[in-house]
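Worksheet: the structure to be examined is printed underneath.
The values are calculated or read from the model by the stated rules, or taken from the named source; none is laboratory data. Treat the numbers as computed from the prediction; the structure is a model and nothing was measured. All Cβ positions, glycine included, derive from the backbone under ideal geometry; neighbour counts span all protein chains shown.
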Ligand SMILES: Nc1ncnc2c1ncn2[C@@H]1O[C@H](COP(=O)(O)OP(=O)(O)OP(=O)(O)O)[C@@H](O)[C@H]1O
(Lines give C-alpha, C1' and ligand atoms only; values in the text may rest on other atoms or scores of the structure.)
Protein backbone atom coordinates (compact mmCIF):
# COMPACT_ATOMS: atom_id res chain seq x y z
CA UNK A 1 0.00 0.00 0.00
CA UNK A 2 1.30 3.47 -0.93
CA UNK A 3 2.39 5.83 1.78
CA UNK A 4 -0.38 8.40 2.48
CA UNK A 5 0.19 11.88 1.11
CA UNK A 6 0.48 14.90 3.39
CA UNK A 7 -0.47 18.52 2.70
CA UNK A 8 2.23 21.17 2.70
CA UNK A 9 2.17 23.49 5.74
CA UNK A 10 0.89 26.34 3.54
CA UNK A 11 -1.91 24.22 2.09
CA UNK A 12 -2.82 22.90 5.52
CA UNK A 13 -3.17 26.43 6.90
CA UNK A 14 -5.24 27.44 3.90
CA UNK A 15 -7.60 24.47 4.20
CA UNK A 16 -7.87 24.91 7.96
CA UNK A 17 -9.21 28.42 7.33
CA UNK A 18 -11.60 26.99 4.71
CA UNK A 19 -12.87 24.40 7.21
CA UNK A 20 -13.43 27.06 9.86
CA UNK A 21 -15.27 29.22 7.30
CA UNK A 22 -17.39 26.26 6.19
CA UNK A 23 -18.63 25.73 9.73
CA UNK A 24 -18.96 29.40 10.75
CA UNK A 25 -22.25 31.28 10.92
CA UNK A 26 -22.40 33.08 7.53
CA UNK A 27 -23.85 36.19 9.21
CA UNK A 28 -21.05 36.43 11.78
CA UNK A 29 -18.05 38.78 11.74
CA UNK A 30 -15.85 35.69 12.32
CA UNK A 31 -16.95 34.29 8.98
CA UNK A 32 -16.12 37.52 7.22
CA UNK A 33 -12.67 37.60 8.87
CA UNK A 34 -12.04 34.01 7.72
CA UNK A 35 -13.15 34.85 4.19
CA UNK A 36 -10.71 37.74 4.13
CA UNK A 37 -7.97 35.47 5.46
CA UNK A 38 -8.69 32.98 2.65
CA UNK A 39 -8.47 35.58 -0.11
CA UNK A 40 -5.48 37.15 1.65
CA UNK A 41 -6.70 40.63 0.89
CA UNK A 42 -8.62 43.37 2.65
CA UNK A 43 -10.58 44.43 -0.44
CA UNK A 44 -13.65 46.60 0.02
CA UNK A 45 -16.40 44.52 -1.53
CA UNK A 46 -19.92 43.29 -0.86
CA UNK A 47 -20.48 40.05 1.02
CA UNK A 48 -21.56 38.28 -2.19
CA UNK A 49 -18.44 39.46 -4.03
CA UNK A 50 -16.30 38.33 -1.11
CA UNK A 51 -17.83 34.84 -1.15
CA UNK A 52 -17.30 34.60 -4.92
CA UNK A 53 -13.64 35.46 -4.45
CA UNK A 54 -13.31 32.86 -1.68
CA UNK A 55 -14.90 30.18 -3.83
CA UNK A 56 -12.58 31.06 -6.73
CA UNK A 57 -9.54 30.70 -4.45
CA UNK A 58 -10.70 27.38 -3.01
CA UNK A 59 -11.58 25.96 -6.43
CA UNK A 60 -8.21 27.05 -7.85
CA UNK A 61 -6.29 25.52 -4.92
CA UNK A 62 -8.17 22.21 -5.25
CA UNK A 63 -7.67 22.25 -9.01
CA UNK A 64 -3.92 22.75 -8.48
CA UNK A 65 -3.79 19.67 -6.24
CA UNK A 66 -5.82 17.68 -8.75
CA UNK A 67 -3.51 18.62 -11.62
CA UNK A 68 -0.49 17.41 -9.67
CA UNK A 69 -2.25 14.10 -8.93
CA UNK A 70 -2.70 15.00 -5.25
CA UNK A 71 -6.35 16.04 -5.31
CA UNK A 72 -8.03 12.88 -4.09
CA UNK A 73 -8.83 12.98 -0.34
CA UNK A 74 -8.58 9.18 -0.07
CA UNK A 75 -4.81 9.49 -0.71
CA UNK A 76 -4.52 11.28 2.66
CA UNK A 77 -5.13 10.27 6.28
CA UNK A 78 -6.33 11.95 9.46
CA UNK A 79 -6.68 15.72 9.59
CA UNK A 80 -5.38 16.23 6.03
CA UNK A 81 -8.04 13.94 4.59
CA UNK A 82 -10.85 15.57 6.51
CA UNK A 83 -9.59 19.08 5.64
CA UNK A 84 -9.60 18.19 1.96
CA UNK A 85 -13.01 16.55 2.16
CA UNK A 86 -14.42 19.67 3.83
CA UNK A 87 -12.82 21.90 1.20
CA UNK A 88 -14.34 19.80 -1.61
CA UNK A 89 -17.74 19.89 0.13
CA UNK A 90 -17.40 23.67 0.48
CA UNK A 91 -16.59 23.87 -3.21
CA UNK A 92 -19.49 21.62 -4.28
CA UNK A 93 -22.00 23.46 -2.09
CA UNK A 94 -20.97 26.87 -3.41
CA UNK A 95 -20.96 25.77 -7.03
CA UNK A 96 -24.57 24.63 -6.58
CA UNK A 97 -25.83 27.82 -4.89
CA UNK A 98 -27.61 29.06 -8.03
CA UNK A 99 -29.25 25.68 -8.86
CA UNK A 100 -30.39 25.39 -5.21
CA UNK A 101 -31.85 28.92 -5.32
CA UNK A 102 -33.66 28.15 -8.57
CA UNK A 103 -34.95 24.93 -7.02
CA UNK A 104 -36.21 26.81 -3.93
CA UNK A 105 -38.17 29.18 -6.18
CA UNK A 106 -39.55 26.28 -8.26
CA UNK A 107 -40.62 24.45 -5.11
CA UNK A 108 -42.24 27.62 -3.79
CA UNK A 109 -44.22 27.89 -7.04
CA UNK A 110 -45.12 24.19 -7.02
CA UNK A 111 -46.49 24.45 -3.48
CA UNK A 112 -46.98 21.45 -1.21
CA UNK A 113 -46.07 18.72 -3.72
CA UNK A 114 -42.35 17.88 -3.53
CA UNK A 115 -40.69 18.30 -6.92
CA UNK A 116 -37.69 16.49 -8.40
CA UNK A 117 -34.25 17.91 -7.69
CA UNK A 118 -32.69 18.04 -11.20
CA UNK A 119 -29.09 18.24 -9.99
CA UNK A 120 -29.28 15.79 -7.03
CA UNK A 121 -27.59 12.94 -8.95
CA UNK A 122 -24.61 15.13 -9.89
CA UNK A 123 -24.11 16.36 -6.33
CA UNK A 124 -24.38 12.84 -4.90
CA UNK A 125 -21.85 11.51 -7.47
CA UNK A 126 -19.37 14.25 -6.62
CA UNK A 127 -19.74 13.55 -2.91
CA UNK A 128 -19.31 9.81 -3.45
CA UNK A 129 -16.04 10.49 -5.26
CA UNK A 130 -14.74 12.06 -2.04
CA UNK A 131 -14.95 8.65 -0.37
CA UNK A 132 -18.22 9.13 1.55
CA UNK A 133 -20.74 6.30 2.00
CA UNK A 134 -24.13 6.66 0.27
CA UNK A 135 -25.99 7.53 3.54
CA UNK A 136 -23.37 10.22 4.28
CA UNK A 137 -23.70 11.61 0.74
CA UNK A 138 -27.48 11.81 1.17
CA UNK A 139 -27.12 13.61 4.50
CA UNK A 140 -24.73 16.15 3.01
CA UNK A 141 -27.18 16.81 0.16
CA UNK A 142 -29.90 17.30 2.77
CA UNK A 143 -27.74 19.62 4.84
CA UNK A 144 -26.68 21.60 1.74
CA UNK A 145 -30.34 22.14 0.90
CA UNK A 146 -31.14 23.13 4.47
CA UNK A 147 -28.22 25.57 4.62
CA UNK A 148 -29.25 27.12 1.32
CA UNK A 149 -32.88 27.49 2.41
CA UNK A 150 -31.84 29.03 5.73
CA UNK A 151 -29.56 31.46 3.95
CA UNK A 152 -32.22 32.30 1.39
CA UNK A 153 -35.06 32.86 3.84
CA UNK A 154 -33.06 34.68 6.51
CA UNK A 155 -31.45 36.91 3.93
CA UNK A 156 -34.41 37.70 1.68
CA UNK A 157 -37.21 37.91 4.25
CA UNK A 158 -35.38 40.18 6.66
CA UNK A 159 -34.15 43.31 5.00
CA UNK A 160 -31.93 45.67 6.96
CA UNK A 161 -28.29 46.62 7.31
CA UNK A 162 -28.28 47.87 10.92
CA UNK A 163 -26.15 46.07 13.52
CA UNK A 164 -29.28 44.84 15.30
CA UNK A 165 -30.50 43.22 12.05
CA UNK A 166 -27.11 41.55 11.61
CA UNK A 167 -27.46 40.22 15.15
CA UNK A 168 -30.99 39.02 14.42
CA UNK A 169 -29.86 37.10 11.33
CA UNK A 170 -26.99 35.58 13.27
CA UNK A 171 -29.38 34.48 16.04
CA UNK A 172 -31.85 32.98 13.57
CA UNK A 173 -29.06 30.99 11.94
CA UNK A 174 -27.94 29.67 15.34
CA UNK A 175 -31.54 28.83 16.13
CA UNK A 176 -31.62 26.54 13.09
CA UNK A 177 -28.12 25.04 13.19
CA UNK A 178 -26.98 25.80 16.78
CA UNK A 179 -23.77 27.77 17.18
CA UNK A 180 -21.77 24.66 16.19
CA UNK A 181 -22.94 23.41 12.81
CA UNK A 182 -20.48 20.53 13.13
CA UNK A 183 -22.32 19.29 16.20
CA UNK A 184 -25.61 19.86 14.41
CA UNK A 185 -24.41 17.85 11.42
CA UNK A 186 -23.13 14.99 13.60
CA UNK A 187 -25.81 14.74 16.27
CA UNK A 188 -28.64 17.22 16.26
CA UNK A 189 -30.03 17.43 12.73
CA UNK A 190 -32.91 15.06 13.55
CA UNK A 191 -33.28 16.00 17.21
CA UNK A 192 -34.31 19.63 17.09
CA UNK A 193 -37.95 19.18 18.07
CA UNK A 194 -37.38 20.06 21.72
CA UNK A 195 -35.69 23.32 20.81
CA UNK A 196 -38.63 25.68 21.07
CA UNK A 197 -38.27 29.37 20.36
CA UNK A 198 -39.80 32.50 21.80
CA UNK A 199 -39.75 35.62 19.63
CA UNK A 200 -40.32 38.87 21.47
CA UNK A 201 -40.68 42.39 20.13
CA UNK A 202 -43.09 45.19 19.48
CA UNK A 203 -45.96 44.88 17.04
CA UNK A 204 -44.96 44.91 13.36
CA UNK A 205 -41.24 44.36 13.92
CA UNK A 206 -41.13 41.17 11.85
CA UNK A 207 -41.58 38.35 14.36
CA UNK A 208 -43.80 36.53 11.85
CA UNK A 209 -41.17 36.95 9.13
CA UNK A 210 -38.45 35.67 11.48
CA UNK A 211 -40.60 32.68 12.47
CA UNK A 212 -41.23 31.83 8.81
CA UNK A 213 -37.49 31.91 8.11
CA UNK A 214 -36.90 29.38 10.90
CA UNK A 215 -39.91 27.25 9.96
CA UNK A 216 -39.00 26.98 6.28
CA UNK A 217 -35.41 26.08 7.06
CA UNK A 218 -35.83 22.83 8.97
CA UNK A 219 -34.08 19.59 7.99
CA UNK A 220 -35.93 17.70 5.25
CA UNK A 221 -34.84 14.16 4.29
CA UNK A 222 -34.17 13.25 0.67
CA UNK A 223 -35.89 10.30 -0.99
CA UNK A 224 -33.24 8.53 -3.08
CA UNK A 225 -35.91 6.55 -4.96
CA UNK A 226 -38.04 9.46 -6.17
CA UNK A 227 -35.24 12.03 -6.44
CA UNK A 228 -37.33 14.47 -4.38
CA UNK A 229 -37.04 15.83 -0.85
CA UNK A 230 -39.67 14.11 1.26
CA UNK A 231 -41.56 17.31 2.02
CA UNK A 232 -42.02 20.69 0.45
CA UNK A 233 -40.81 23.48 2.73
CA UNK A 234 -44.13 25.23 2.00
CA UNK A 235 -45.72 22.57 4.20
CA UNK A 236 -43.22 22.68 7.01
CA UNK A 237 -44.36 25.96 8.51
CA UNK A 238 -47.84 26.42 9.91
CA UNK A 239 -48.70 29.76 11.44
CA UNK A 240 -51.69 30.59 13.64
CA UNK A 241 -52.56 33.87 15.31
CA UNK A 242 -53.99 32.63 18.59
CA UNK A 243 -55.76 35.89 19.42
CA UNK A 244 -57.98 35.42 16.36
CA UNK A 245 -59.85 32.49 17.81
CA UNK A 246 -62.53 32.58 20.49
CA UNK A 247 -61.60 30.29 23.38
CA UNK A 248 -64.22 27.75 22.29
CA UNK A 249 -62.63 27.31 18.84
CA UNK A 250 -58.96 27.66 19.73
CA UNK A 251 -58.49 24.15 21.15
CA UNK A 252 -60.19 22.65 18.15
CA UNK A 253 -57.98 24.66 15.77
CA UNK A 254 -54.86 23.55 17.60
CA UNK A 255 -55.63 19.95 18.52
CA UNK A 256 -58.57 19.10 16.24
CA UNK A 257 -61.87 17.57 17.31
CA UNK A 258 -63.90 14.43 16.86
CA UNK A 259 -67.31 14.41 15.25
CA UNK A 260 -69.95 15.16 17.92
CA UNK A 261 -67.42 16.55 20.43
CA UNK A 262 -69.58 19.68 20.76
CA UNK A 263 -72.63 21.21 19.11
CA UNK A 264 -71.63 22.04 15.57
CA UNK A 265 -68.84 19.43 15.38
CA UNK A 266 -70.47 17.70 12.44
CA UNK A 267 -67.25 16.08 11.22
CA UNK A 268 -63.82 15.11 12.46
CA UNK A 269 -61.43 18.04 12.21
CA UNK A 270 -57.63 17.87 12.09
CA UNK A 271 -55.88 20.51 14.17
CA UNK A 272 -52.58 22.15 13.26
CA UNK A 273 -50.61 19.81 15.52
CA UNK A 274 -51.85 16.87 13.42
CA UNK A 275 -51.26 18.64 10.12
CA UNK A 276 -47.71 19.76 10.88
CA UNK A 277 -45.16 17.46 9.24
CA UNK A 278 -42.56 15.68 11.38
CA UNK A 279 -39.81 18.09 10.28
CA UNK A 280 -42.07 21.12 10.41
CA UNK A 281 -42.67 23.97 12.82
CA UNK A 282 -45.82 25.46 14.24
CA UNK A 283 -45.80 29.19 14.83
CA UNK A 284 -48.04 30.22 17.70
CA UNK A 285 -48.39 33.96 17.29
CA UNK A 286 -49.73 36.13 20.14
CA UNK A 287 -48.94 33.40 22.66
CA UNK A 288 -49.29 36.00 25.45
CA UNK A 289 -53.04 36.07 24.77
CA UNK A 290 -53.91 32.46 25.50
CA UNK A 291 -55.80 31.39 28.59
CA UNK A 292 -54.28 29.32 31.38
CA UNK A 293 -56.18 26.11 30.37
CA UNK A 294 -54.78 26.37 26.81
CA UNK A 295 -51.30 27.09 28.20
CA UNK A 296 -51.54 23.88 30.23
CA UNK A 297 -52.50 21.86 27.15
CA UNK A 298 -49.69 23.40 25.10
CA UNK A 299 -47.25 22.70 27.92
CA UNK A 300 -48.28 19.05 27.75
CA UNK A 301 -47.58 18.94 24.03
CA UNK A 302 -44.13 20.40 24.60
CA UNK A 303 -43.39 18.10 27.52
CA UNK A 304 -44.85 14.80 26.42
CA UNK A 305 -45.03 15.47 22.67
CA UNK A 306 -48.61 14.13 22.68
CA UNK A 307 -52.08 15.68 22.60
CA UNK A 308 -55.70 14.55 22.36
CA UNK A 309 -58.21 16.07 19.92
CA UNK A 310 -61.27 17.60 21.61
CA UNK A 311 -63.77 14.81 22.33
CA UNK A 312 -61.20 12.02 22.04
CA UNK A 313 -59.09 10.01 24.48
CA UNK A 314 -56.60 8.94 21.80
CA UNK A 315 -53.28 10.61 22.26
CA UNK A 316 -51.55 11.66 19.03
CA UNK A 317 -47.87 12.41 18.64
CA UNK A 318 -46.37 15.72 17.57
CA UNK A 319 -42.79 15.69 16.28
CA UNK A 320 -42.36 19.24 14.99
CA UNK A 321 -40.86 22.34 16.55
CA UNK A 322 -42.79 25.09 18.28
CA UNK A 323 -42.06 28.76 17.67
CA UNK A 324 -44.07 31.26 19.67
CA UNK A 325 -44.23 35.04 19.63
CA UNK A 326 -45.80 37.88 21.49
CA UNK A 327 -45.60 41.65 21.54
CA UNK A 328 -46.91 41.72 25.11
CA UNK A 329 -44.63 42.14 28.13
CA UNK A 330 -44.23 38.51 29.20
CA UNK A 331 -42.37 39.38 32.42
CA UNK A 332 -45.36 41.41 33.56
CA UNK A 333 -47.82 38.70 32.53
CA UNK A 334 -45.79 36.16 34.49
CA UNK A 335 -45.68 38.38 37.57
CA UNK A 336 -49.44 38.88 37.36
CA UNK A 337 -49.99 35.10 37.02
CA UNK A 338 -51.46 35.41 33.52
CA UNK A 339 -48.62 33.48 31.92
CA UNK A 340 -47.44 30.28 33.60
CA UNK A 341 -43.78 30.04 34.52
CA UNK A 342 -43.59 26.33 33.64
CA UNK A 343 -44.96 27.08 30.16
CA UNK A 344 -42.51 29.94 29.76
CA UNK A 345 -39.55 27.73 30.69
CA UNK A 346 -40.68 25.10 28.18
CA UNK A 347 -41.00 27.65 25.42
CA UNK A 348 -37.73 29.44 25.69
CA UNK A 349 -34.91 27.10 24.62
CA UNK A 350 -34.10 30.15 22.58
CA UNK A 351 -35.40 33.67 23.09
CA UNK A 352 -34.89 36.15 20.30
CA UNK A 353 -35.78 39.82 20.49
CA UNK A 354 -36.74 41.36 17.15
CA UNK A 355 -35.54 44.99 17.23
CA UNK A 356 -37.93 47.95 16.85
CA UNK A 357 -37.63 50.01 13.68
CA UNK A 358 -36.68 53.23 15.53
CA UNK A 359 -33.62 51.47 17.01
CA UNK A 360 -32.63 50.17 13.58
CA UNK A 361 -33.01 53.59 11.97
CA UNK A 362 -30.96 55.22 14.70
CA UNK A 363 -28.19 52.67 14.26
CA UNK A 364 -28.02 52.86 10.48
CA UNK A 365 -29.30 55.69 8.30
CA UNK A 366 -29.64 53.46 5.22
CA UNK A 367 -32.09 51.20 7.06
CA UNK A 368 -35.21 53.10 6.05
CA UNK A 369 -34.30 53.49 2.34
CA UNK A 370 -33.42 49.77 2.16
CA UNK A 371 -36.76 48.79 3.66
CA UNK A 372 -38.71 51.24 1.49
CA UNK A 373 -37.01 49.81 -1.60
CA UNK A 374 -37.91 46.28 -0.53
CA UNK A 375 -41.52 47.22 0.26
CA UNK A 376 -41.94 48.91 -3.15
CA UNK A 377 -40.39 45.94 -4.88
CA UNK A 378 -42.83 43.58 -3.17
CA UNK A 379 -45.72 45.94 -3.94
CA UNK A 380 -44.92 46.72 -7.58
CA UNK A 381 -43.07 43.58 -8.61
CA UNK A 382 -39.86 45.25 -9.77
CA UNK A 383 -37.01 47.34 -8.46
CA UNK A 384 -37.78 51.07 -8.17
CA UNK A 385 -34.68 52.70 -6.74
CA UNK A 386 -35.53 56.28 -7.76
CA UNK A 387 -39.04 56.11 -6.32
CA UNK A 388 -37.69 54.49 -3.13
CA UNK A 389 -35.15 57.28 -2.72
CA UNK A 390 -37.85 59.93 -3.21
CA UNK A 391 -40.21 58.33 -0.68
CA UNK A 392 -37.46 57.79 1.89
CA UNK A 393 -36.38 61.40 1.57
CA UNK A 394 -40.02 62.56 1.91
CA UNK A 395 -40.42 60.52 5.10
CA UNK A 396 -37.13 61.81 6.48
CA UNK A 397 -38.09 65.43 5.90
CA UNK A 398 -41.63 65.13 7.31
CA UNK A 399 -40.95 62.88 10.26
CA UNK A 400 -37.41 63.83 11.19
CA UNK A 401 -34.69 61.41 12.32
CA UNK A 402 -36.22 60.63 15.73
CA UNK A 403 -39.70 59.51 14.76
CA UNK A 404 -40.66 56.54 16.95
CA UNK A 405 -42.31 54.27 14.33
CA UNK A 406 -44.70 52.73 16.90
CA UNK A 407 -46.15 50.36 14.29
CA UNK A 408 -42.64 49.43 13.10
CA UNK A 409 -42.25 47.86 9.62
CA UNK A 410 -46.01 47.35 9.32
CA UNK A 411 -46.48 51.11 9.82
CA UNK A 412 -43.73 51.79 7.29
CA UNK A 413 -45.56 49.62 4.74
CA UNK A 414 -48.65 51.77 5.21
CA UNK A 415 -46.57 54.95 5.15
CA UNK A 416 -45.20 53.92 1.73
CA UNK A 417 -48.74 53.28 0.47
CA UNK A 418 -49.88 56.65 1.84
CA UNK A 419 -46.93 58.35 0.15
CA UNK A 420 -47.89 56.70 -3.14
CA UNK A 421 -51.48 57.88 -2.74
CA UNK A 422 -50.98 61.37 -1.37
CA UNK A 423 -47.22 62.10 -1.37
CA UNK A 424 -47.48 62.73 2.39
CA UNK A 425 -47.24 60.74 5.58
CA UNK A 426 -47.46 62.75 8.76
CA UNK A 427 -46.75 59.87 11.12
CA UNK A 428 -48.96 58.44 13.81
CA UNK A 429 -50.50 61.59 15.31
CA UNK A 430 -50.40 60.22 18.82
CA UNK A 431 -46.70 59.76 18.56
CA UNK A 432 -45.98 62.93 16.72
CA UNK A 433 -47.63 64.72 19.60
CA UNK A 434 -46.46 62.06 22.07
CA UNK A 435 -44.30 64.17 24.35
CA UNK A 436 -47.15 66.61 24.68
CA UNK A 437 -49.56 63.85 25.59
CA UNK A 438 -47.45 62.57 28.44
CA UNK A 439 -46.66 66.09 29.67
CA UNK A 440 -50.32 67.09 29.60
CA UNK A 441 -51.31 63.96 31.51
CA UNK A 442 -48.62 64.40 34.16
CA UNK A 443 -49.45 68.11 34.49
CA UNK A 444 -53.17 67.33 34.76
CA UNK A 445 -52.54 64.74 37.48
CA UNK A 446 -50.22 66.97 39.48
CA UNK A 447 -52.56 69.94 39.24
CA UNK A 448 -55.54 67.75 40.03
CA UNK A 449 -57.34 69.26 37.04
CA UNK A 450 -58.43 66.08 35.27
CA UNK A 451 -61.86 64.51 35.57
CA UNK A 452 -62.18 60.70 35.37
CA UNK A 453 -62.89 60.80 31.65
CA UNK A 454 -59.89 63.04 30.90
CA UNK A 455 -57.64 60.86 33.04
CA UNK A 456 -58.71 57.68 31.27
CA UNK A 457 -58.57 59.23 27.82
CA UNK A 458 -55.06 60.57 28.47
CA UNK A 459 -53.86 57.27 29.88
CA UNK A 460 -55.39 55.23 27.04
CA UNK A 461 -53.85 57.61 24.51
CA UNK A 462 -50.44 57.27 26.11
CA UNK A 463 -50.66 53.48 26.24
CA UNK A 464 -51.85 53.31 22.65
CA UNK A 465 -48.85 55.35 21.64
CA UNK A 466 -46.56 52.80 23.33
CA UNK A 467 -48.37 49.56 22.53
CA UNK A 468 -49.75 50.36 19.10
CA UNK A 469 -53.05 48.44 19.36
CA UNK A 470 -56.46 49.02 20.92
CA UNK A 471 -56.61 45.36 22.03
CA UNK A 472 -53.38 45.70 23.91
CA UNK A 473 -54.53 48.86 25.69
CA UNK A 474 -57.85 47.20 26.52
CA UNK A 475 -56.01 44.29 28.07
CA UNK A 476 -53.74 46.52 30.07
CA UNK A 477 -56.53 48.74 31.42
CA UNK A 478 -59.30 46.17 31.82
CA UNK A 479 -61.55 48.30 29.59
CA UNK A 480 -63.22 46.90 26.52
CA UNK A 481 -61.74 47.60 23.10
CA UNK A 482 -64.51 49.92 21.92
CA UNK A 483 -64.22 52.08 25.04
CA UNK A 484 -60.47 52.28 24.55
CA UNK A 485 -60.90 53.27 20.92
CA UNK A 486 -63.41 55.97 21.91
CA UNK A 487 -60.97 57.42 24.46
CA UNK A 488 -58.03 57.25 22.09
CA UNK A 489 -59.97 58.94 19.28
CA UNK A 490 -61.16 61.66 21.67
CA UNK A 491 -57.59 62.21 22.81
CA UNK A 492 -56.36 62.37 19.22
CA UNK A 493 -58.94 65.03 18.34
CA UNK A 494 -58.04 67.04 21.41
CA UNK A 495 -54.35 66.81 20.54
CA UNK A 496 -55.09 67.87 16.96
CA UNK A 497 -57.16 70.81 18.18
CA UNK A 498 -54.41 72.00 20.52
CA UNK A 499 -51.70 71.97 17.80
N1 LIG B 1 -36.83 43.17 8.27
C2 LIG B 1 -37.88 43.16 7.46
N3 LIG B 1 -37.71 43.20 6.15
C4 LIG B 1 -38.76 43.23 5.31
N5 LIG B 1 -40.04 43.19 5.70
C6 LIG B 1 -40.28 43.12 7.00
C7 LIG B 1 -39.22 43.09 7.96
N8 LIG B 1 -39.76 43.03 9.19
C9 LIG B 1 -41.09 43.02 9.01
N10 LIG B 1 -41.41 43.07 7.71
C11 LIG B 1 -42.78 43.11 7.15
O12 LIG B 1 -43.57 43.89 8.06
C13 LIG B 1 -44.87 43.34 8.20
C14 LIG B 1 -45.14 43.04 9.65
O15 LIG B 1 -44.28 41.99 10.05
P16 LIG B 1 -44.78 40.81 11.00
O17 LIG B 1 -46.23 40.50 10.76
O18 LIG B 1 -43.80 39.70 10.87
O19 LIG B 1 -44.66 41.55 12.41
P20 LIG B 1 -44.91 40.98 13.87
O21 LIG B 1 -43.76 41.39 14.70
O22 LIG B 1 -45.21 39.51 13.80
O23 LIG B 1 -46.22 41.79 14.31
P24 LIG B 1 -47.33 41.43 15.44
O25 LIG B 1 -46.64 41.41 16.77
O26 LIG B 1 -48.30 42.57 15.34
O27 LIG B 1 -47.92 40.10 15.06
C28 LIG B 1 -44.90 42.11 7.30
O29 LIG B 1 -45.48 42.47 6.07
C30 LIG B 1 -43.44 41.74 7.13
O31 LIG B 1 -43.20 41.08 5.92
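Of 89, 107, 85, all but one fail to be over 23 Å from residue 20 (Cβ atoms) and buried (at least 16 other Cβ atoms within 10 Å of the Cβ); the exception is 107.
Within the range 149-180, being surrounded by fewer than 21 Cβ atoms within 10 Å (Cβ to Cβ) and away from the ligand (no atom under 16 Å from the Cβ) holds for 174, 178, 179, 180.
If you check residue 217 against the conditions, is it surrounded by 19 or more Cβ atoms within 10 Å (Cβ to Cβ) and more than 29 Å from residue 331 (Cα to Cα)? Yes: the conditions hold for residue 217. Close Cβ contacts (under 8 Å, 6 or more residues apart or on different chains) running from residues in the range 450-471 that are under 12 Å from residue 483 (Cα atoms) to residues that are not in a helix (DSSP H, G or I) comprise 456/479; 460/479. Counting only residues that are away from the ligand (no atom under 16 Å from the Cβ) and either modelled with pLDDT of 85 or more or farther than 27 Å from residue 327 by Cα (or both), the range 461-481 holds 4 of them. Checked against (1) within 16 Å of the ligand (Cβ to nearest atom); (2) within 22 Å of the chain's Cα centre (by Cα), residue 245 passes all but a single condition, namely (2).
Within the range 261-292, being more than 18 Å from residue 315 (Cα to Cα) and assigned to a loop (DSSP other than H, G, I, E, B) holds for 262, 263, 264, 265, 266, 267, 279, 280, 286, 290, 291. Could you tell me whether the range 266-287 includes any residue that is without any contact (Cβ under 8 Å) to a residue 12 or more places away in the chain and in the same structural domain as residue 212 (by TED's automatic domain parsing)? Yes.
Matching residues to (1) touching a helix residue (DSSP H, G or I) at 6+ places or on another chain (Cβ under 9 Å); (2) within 15 Å of the ligand (Cβ to nearest atom); (3) closer than 27 Å to residue 354 by Cα:
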| residue | (1), (2), (3) |
| --- | --- |
| 207 | no, yes, yes |
| 218 | yes, no, yes |
| 225 | no, no, no |
| 234 | yes, no, yes |
| 239 | yes, yes, yes |
| 249 | no, no, no |
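Based on this model, can you work out whether residue 421 counts as away from the ligand (no atom under 16 Å from the Cβ) and either closer than 19 Å to residue 458 by Cα or modelled with pLDDT under 90 (or both)? No: the conditions fail for residue 421. Only one of the numbered conditions (1) modelled with pLDDT under 95; (2) assigned by TED's automatic domain parsing to the domain that holds residue 231 is not met by residue 169, and that is (1). Note on the range 259-299: residues that are surrounded by 15 or more Cβ atoms within 10 Å (Cβ to Cβ) and under 27 Å from the mean Cα position of the chain (by Cα) amount to 24. Looking at residue 415, is it outside the structural domain of residue 212 (by TED's automatic domain parsing), more than 24 Å from the chain's Cα centre (by Cα) and within 15 Å of the ligand (Cβ to nearest atom)? In short, no.
Checking each residue in the range 125-141 for being surrounded by 18 or more Cβ atoms within 10 Å (Cβ to Cβ) and either under 28 Å from the mean Cα position of the chain (by Cα) or free of Cβ contacts under 8 Å to residues at least 24 places away in the same chain (or both) picks out 137, 138, 139, 140, 141. Listed by position, the helices (runs of 4 or more DSSP H) contained in the range 34-113 that have at least 3 residues being more than 20 Å from residue 13 (Cβ to Cβ) and without any contact (Cβ under 8 Å) to a residue 24 or more places away in the chain are 47-67, 97-110.
What residue, among those in the range 307-329 that are part of a strand (DSSP E or B) and more than 26 Å from the chain's Cα centre (by Cα), is farthest from residue 236 (Cα to Cα)? Out of the qualifying residues, it is 310. Restricted to the range 330-384, the set of helices (runs of 4 or more DSSP H) holding at least 1 residues that are surrounded by fewer than 18 Cβ atoms within 10 Å (Cβ to Cβ), in contact (Cβ under 8 Å) with a residue 12 or more places away in the chain and within 11 Å of the ligand (Cβ to nearest atom) comprises 367-380. State whether the residues of the range 190-200 include one that is free of Cβ contacts under 8 Å to residues at least 24 places away in the same chain, away from the ligand (no atom under 16 Å from the Cβ) and surrounded by fewer than 17 Cβ atoms within 10 Å (Cβ to Cβ). Checking the range 190-200: at least one residue is free of Cβ contacts under 8 Å to residues at least 24 places away in the same chain, away from the ligand (no atom under 16 Å from the Cβ) and surrounded by fewer than 17 Cβ atoms within 10 Å (Cβ to Cβ).
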